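The values are calculated or read from the model by the stated rules, or taken from the named source; none is laboratory data. Predicted model only: the values in this text are computed from it and were never measured. Reconstructed Cβ throughout: ideal geometry from the backbone, glycine too, with neighbour counts over all protein chains shown. For the accessible areas, the whole protein counts, side chains as well, though only heavy atoms, and no ligand, DNA or RNA atoms are used. Shrake-Rupley method; radii C 1.70, N 1.55, O 1.52, S 1.80 Å.
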Amino acid sequence: MTLARGRHFLSIPGPSVMPERVLRAMHRDAPNIYEGEIIALTREVIAGLKRVACTGHHAMLYISNGHGAWEAALTNTLSRGDRVLALATGRFARGWAEMARRLGVAVEILDFGPRAAVDPDRLEDALRAAPDTRAVLVCQTDTASSALNDIPAIRAAMDAAGSSALLMTDNIASLACDEFHMDAWGVDVTVAACQKGLMTPPGVGIVFAGPRAEAARRRADLVTPYWDWRPRMHPEEQYQLFCGTAPTHHIFGLAEALRMIFEEGLEAVWARHRVLAGAVHAAVEAWGSGGPWELNIPDPAARSAAVTTIRAGTVDVAPLRALADATLGVTLGVGLALGTPVAGSREPGVFRIGHMGHVNPAMLLGTLGAVESAMQALGLPHGRGAVEAAAAVIAAAADRPARAAQ
Ligand SMILES: *Cc1c(COP(=O)(O)O)cnc(C)c1O
């Protein structure tokens, strides 16, 4: 029988759950785009995004998804024939690298495999061997593998090699989930999109740029008029912020999402994601004690707080995902083929749980419990105590209400 009534959970790594507050903020009439509230709200959104990325430099918005932000970052900083190094830890940096290659950039991929983070020593060696490298591309979180890269260690390796390359990070999955300090960590360009940790429907791509990136724009010959970040960075007229009509309702939604992030506190947002990720890790380890289940990233320090990639050995997880979706009320993330940039290719023995943005323990324990029900219903072997292990991680972190503590 199907038991899937009540609220359906979307446990995929983006687009993520949209808070009611964001949806309500968007549910309104079209505003005047030339004057009034939308002008001030756009400034508020840009300031808020900079606060989330911990940068005092520039944030440019595009009506696009993350791929658009990728292209904006590349075309505003690079020229045809420039050398760049892409650090692959799953799949997404390869996608970004492939886009650069198609733009005419000479891309070298340094591959760290689908189950580990970047090794800074190997990066340092590669940069010493190629001192003319103009940019290093890396995902803070690779959403396919769920690897979390150590951005300060990558910066340190670049400095140790004496590299003048720009450090460009893809934070599409990690912004407002994994801790990040753009300026303090020496990042030159960061790309993001609004539909993951920022809890807003897909449609706004974001590029953050520091002074070295702004300087690189002067010689970049790949830029095209729409993607040029200069008018967005230094607008003389409001319409230049979006090179045309503003994405009005996305601005309403994003402004509300940012208010929610600052009400909670950015540090608290990061800490919550860490706890919820730890709960998923504990559950998977318990399942793995009696079955093929395994965290894709063995090193705990290299696991993202936004998404967890789970391996099921030779088990095809399609029936598990289908059962969870149709009868248990939760959509789980598909396994993306690791180590390949081919769009749409799947890994049958892998699924992912997204835990980014608007997520609380009840939602996450619900997802984990539903996965376990699906394992039982399908007769898939698994160790016991997974939900209990996840609950224990959450219990250890939970504040006790003042009255209960008496
Ligand atoms: C989701 C994602 C992308 C792609 O974003 P789109 O909005 O689908 O274009 C790129 N990189 C990472 C790390 C992502 O998580």
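From the list Pro202, Pro152, Pro231, exactly one residue is more than 30 Å from Ala130 (Cα to Cα), surrounded by fewer than 22 Cβ atoms within 10 Å (Cβ to Cβ) and either more than 13 Å from the ligand (Cβ to nearest atom) or without any contact (Cβ under 8 Å) to a residue 60 or more places away in the chain (or both). Which is it? Lay out the reasoning, then the answer.
On the way: Pro202 fails: either more than 13 Å from the ligand (Cβ to nearest atom) or without any contact (Cβ under 8 Å) to a residue 60 or more places away in the chain (or both); Pro152 fails: more than 30 Å from Ala130 (Cα to Cα).
Testing whether each residue is more than 30 Å from Ala130 (Cα to Cα), surrounded by fewer than 22 Cβ atoms within 10 Å (Cβ to Cβ) and either more than 13 Å from the ligand (Cβ to nearest atom) or without any contact (Cβ under 8 Å) to a residue 60 or more places away in the chain (or both) leaves just Pro231.
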_Residue ranges of strands (runs of 3 or more DSSP E) in segment 1-96 with at least 3 members at pLDDT 95 or above, within 16 Å of the ligand (Cβ to nearest atom) and at negative phi_ = 58-63, 83-88
_Condition first: part of a strand (DSSP E or B) and near the ligand (Cβ under 10 Å from one of its atoms). Can you find one or more residues in segment 161-178 that meet it?_
yes
*Scan (1) more than 16 Å from the ligand (Cβ to nearest atom); (2) assigned to a strand (DSSP E or B) for the single condition Ala255 breaks and write down its number.*
(2)
_In segment 114-142, the residues that are open to solvent by 20 Å² or more (accessible area, probe 1.4 Å) and part of a loop (DSSP other than H, G, I, E, B)_ = Pro114, Arg115, Ala116, Ala117, Asp119, Pro131, Asp132, Arg134
*asked:* Condition check: assigned to a strand (DSSP E or B) and more than 14 Å from the ligand (Cβ to nearest atom). Does Glu214 satisfy that?
replied: no
_Looking at (1) modelled with pLDDT of 95 or more; (2) open to solvent by 10 Å² or more (accessible area, probe 1.4 Å); (3) over 30 Å from Trp229 (Cβ atoms), which one does Val350 not meet, given that it meets all the others?_
(2)
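Examine segment 301-311 for a residue that is outside any strand (DSSP E or B), over 19 Å from His382 (Cβ atoms) and open to solvent by 10 Å² or more (accessible area, probe 1.4 Å), and state whether such a residue exists.
In the first step, residues of segment 301-311 are kept if they are outside any strand (DSSP E or B); the result is 301-302, 304-306.
Now drop any that are not over 19 Å from His382 (Cβ atoms), which leaves 301-302, 304-306.
Next, from what is left, pick out any that are open to solvent by 10 Å² or more (accessible area, probe 1.4 Å): 301.
Within segment 301-311, one or more residues are outside any strand (DSSP E or B), over 19 Å from His382 (Cβ atoms) and open to solvent by 10 Å² or more (accessible area, probe 1.4 Å).
The rows are residues; the columns are (1) of a type outside the set (Lys, Arg); (2) under 17 Å from Glu37 (Cα atoms).
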site: Tyr239; (1), (2): yes, yes
site: Thr245; (1), (2): yes, yes
site: Arg259; (1), (2): no, yes
site: Gly265; (1), (2): yes, no
site: Val275; (1), (2): yes, no
site: Val284; (1), (2): yes, no
_I'd like to verify a number: residues in segment 265-300 that are closer than 17 Å to Pro13 by Cβ, β-branched (Val, Ile, Thr) and part of a helix (DSSP H, G or I), how many?_
3
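Of these, Ala184, Ala193, Ala220, which one is small (Gly, Ala, Ser), buried (at least 22 other Cβ atoms within 10 Å of the Cβ) and in contact (Cβ under 8 Å) with a residue 40 or more places away in the chain?
Values: Ala184 fails: buried (at least 22 other Cβ atoms within 10 Å of the Cβ); Ala220 fails: buried (at least 22 other Cβ atoms within 10 Å of the Cβ).
On inspection, the qualifying residue turns out to be Ala193.
Looking only at segment 163-174, count how many residues are in contact with a Phe, Trp or Tyr (Cβ under 9 Å, 6 or more places away or on another chain) and touching a residue at least 60 places away in the same chain (Cβ under 8 Å). It would help to see each step written out before you state the result.
Taking segment 163-174 and keeping what is in contact with a Phe, Trp or Tyr (Cβ under 9 Å, 6 or more places away or on another chain), we get 167-174.
So of that shortlist, the ones also touching a residue at least 60 places away in the same chain (Cβ under 8 Å) come out as 168, 170-174.
Residues in segment 163-174 being in contact with a Phe, Trp or Tyr (Cβ under 9 Å, 6 or more places away or on another chain) and touching a residue at least 60 places away in the same chain (Cβ under 8 Å): 6 in total.
Any residue at all in segment 7-14 that is without any contact (Cβ under 8 Å) to a residue 24 or more places away in the chain, open to solvent by 20 Å² or more (accessible area, probe 1.4 Å) and either farther than 15 Å from Pro247 by Cβ or not assigned by TED's automatic domain parsing to the domain that holds Thr200 (or both)? Let's see the steps before the verdict.
Residues of segment 7-14 without any contact (Cβ under 8 Å) to a residue 24 or more places away in the chain: none.
No, the conditions are met nowhere in segment 7-14.
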